[in-house]
Amino acid sequence: MEKIRLNMTVNGKDVEVLTEPRQLLAHVLREELNLTGTHIGCETSHCGACTVDMNDMSVKSCSVFAAQAQGANITTIEGLGTPDGLHLLQEMFKEHHGLQCGYCTPGMITRAYRFLQENGSPTEEDVRFGMSGNLCRCTGYQNIVKAILATAEKMNEMKESA
Amino acid sequence: MIPSNFEYHKPDSIDGALSILTEWGDDARVIAGGHSLIPVMKQRLTDISHLIDLGGISELKGISIENNKVSIGAMTTQHELITNTQLAKFVPLIREASLQIADPQVRYVGTIGGNVANGDPANDMPGLMQTLDASYELTGPNGVRIVKARDFYEAAYFTAREDEEILTSISFSVPNCGYAYEKQKRKIGDYATAAAGVLINMDNDTCSFASIALTNLSDTPVYCEEAVNNLVGKKVDSNAIKKAVHYCVEASDPVADTRGPVEFKKYVAGIIVQKAIENAIARV
């Protein structure tokens, strides 16, 4: 079967990958582009560990064919923060112990990033509903919710002081 | 979990999609949001050598509300159904039901057309469309035909759509009455153990209009004609509601699965239908 030239913008950079249409976006990101921050959990679109931002939507990259991502603008966890310059969400997850084993965290944070773009002043219930496509088997969610609420609060404080 | 190889097509018009579908026949399938199809392909439960992505066809997108008539393009996503303010204002039932489908990530991608066309009895939109008495527009090589949602479903995954047809849009009248979509599920993201869509209108305490359909309680959605006939024109009190609930449960035909045995599902169906009817009446 013929390979296709897949052109995407990933974390602000234009990339071209030669791949089969059936390849899943999660595998292209991890194996072709070496962006292993995107984790694969269940691989059946349930757990949300593989969530990335694609054209301003949170998608489960295990359930998107490479061919469907043609021309897409993608942000992965690597595009949100760096070890030296954490994203505010990463800071808050750290401060509020929003992770234990860390496996679900890239998906949690990329999803929370889009959620907060759409709802900058969420209630706790909003956060729980907005994050319902991401599973965590360690934390019991309590501290994840706290971290996201704290991020929203800080974002709003920064907006006010600016 | 990577599916067998396929050739990928992304036409930019309905005609373009139809010609590829006609050319490859049984070997071709259209893909909308793909959140039902891709998992099945990954498990290699289906053999598709030509995949026709409808995502590039702009004429399949969009919501219009004119002269009391709602028309929704098949590729409109659940996220778009939820965030469309006009639709939320005129048909809040759609938003209420859409928010109960899957989870946020799936709703960004999942489409109304895929949800109704797939014929999966667990999908919420087919029952909802029967509640709204919606019509489906099917476009094929010989032109367009309209099939009522209430006539569309034949058995699980078997519908009135022919292989070479594409479900292109969905339309229905603005209901202007009380509404509710109630769904019992084990967890967010799960399919319904039982769900019911209800529309109801009242003239003082007499029911002047009603429509009820059930989700995941048979191998097709269930339009509850007998329950509706027993409500319309009657004074609605707790006895009348009880009777309607009874007819709905009678009309259901669930099978035992991981969501529970038949008795449990019928029990849940009764509770869900009653809640939906009461909520709908409260919103008249």
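Brief remarks on what is shown
- Selection over region B:86-135 of residues that are more than 14 Å from chain A (Cβ to nearest Cβ), more than 12 Å from the chain's Cα centre (by Cα) and either open to solvent by 10 Å² or more (accessible area, probe 1.4 Å) or of a type in the set (S, T, N, Q) (or both) gives a count of 5.
- Residues that are more than 9 Å from chain A (Cβ to nearest Cβ) and within 22 Å of the chain's Cα centre (by Cα), drawn from region B:15-32: B:Arg29, B:Val30, B:Ala32
- Within region B:171-194, restricting attention to residues that are of a type in the set (Phe, Trp, Tyr) and in a strand (DSSP E or B), the residue that is farthest from B:Leu214 (Cα to Cα) is B:Phe172.
- Contact map, region B:72-85: residues that are farther than 16 Å from A:Met57 by Cα paired with residues that are of a type in the set (Lys, Arg) and open to solvent by 20 Å² or more (accessible area, probe 1.4 Å), Cβ distance under 7 Å, separation 6+ or inter-chain. Pairs shown: B:Gly73/B:Lys61.
Results for (1) crowded, with 21+ Cβ neighbours inside 10 Å; (2) modelled with pLDDT of 95 or more; (3) at positive phi, shown as yes or no for each residue.
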position: A:Pro83; (1), (2), (3): no, no, no
position: A:Leu86; (1), (2), (3): no, yes, no
position: A:Lys94; (1), (2), (3): no, yes, no
position: A:His97; (1), (2), (3): no, yes, yes
position: A:Glu118; (1), (2), (3): no, yes, no
position: A:Asp126; (1), (2), (3): no, yes, no
position: A:Cys138; (1), (2), (3): no, yes, no
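- Output for region A:54-63, where each listed residue is open to solvent by 10 Å² or more (accessible area, probe 1.4 Å) and more than 7 Å from chain B (Cβ to nearest Cβ): A:Met54, A:Asn55, A:Asp56
- Selection within region A:64-76 - hydrophobic (A, V, I, L, M, F, W, C) and within 10 Å of another protein chain (Cβ to nearest Cβ): A:Val64, A:Phe65, A:Ala66, A:Ala67
- Residue match in region B:216-228 (condition: open to solvent by less than 70 Å² (accessible area, probe 1.4 Å), touching a His at 6+ places or on another chain (Cβ under 9 Å) and of a type outside the set (S, T, N, Q)): yes
- For region A:18-41, a residue qualifies if it is facing chain B (nearest Cβ under 10 Å) and either under 15 Å from the mean Cα position of the chain (by Cα) or not in a strand (DSSP E or B) (or both), and the qualifying residues are A:Glu20, A:Pro21, A:Arg22, A:Gln23, A:His27, A:Ile40.
- All positions within region A:96-120 that are among the polar types (S, T, N, Q), closer than 26 Å to A:Asn73 by Cβ and part of a loop (DSSP other than H, G, I, E, B): A:Asn119
- Test: residue in region A:71-78 that is assigned to a helix (DSSP H, G or I) and more than 23 Å from B:Leu51 (Cβ to Cβ): yes
- Each residue in region A:1-16 was checked for being more than 11 Å from chain B (Cβ to nearest Cβ), touching an Asp or Glu at 6+ places or on another chain (Cβ under 9 Å) and within 22 Å of A:Ser58 (Cα to Cα), and 5 of them qualify.
The values are calculated or read from the model by the stated rules, or taken from the named source; none is laboratory data. Since we're looking at a predicted model, the values are computed, not measured. Glycine gets a Cβ as well: all are built from the backbone with ideal geometry, and neighbour counts include every protein chain shown. All accessible areas refer to the heavy atoms of the entire protein, side chains included, with ligands and DNA or RNA removed. Shrake-Rupley method; radii C 1.70, N 1.55, O 1.52, S 1.80 Å.
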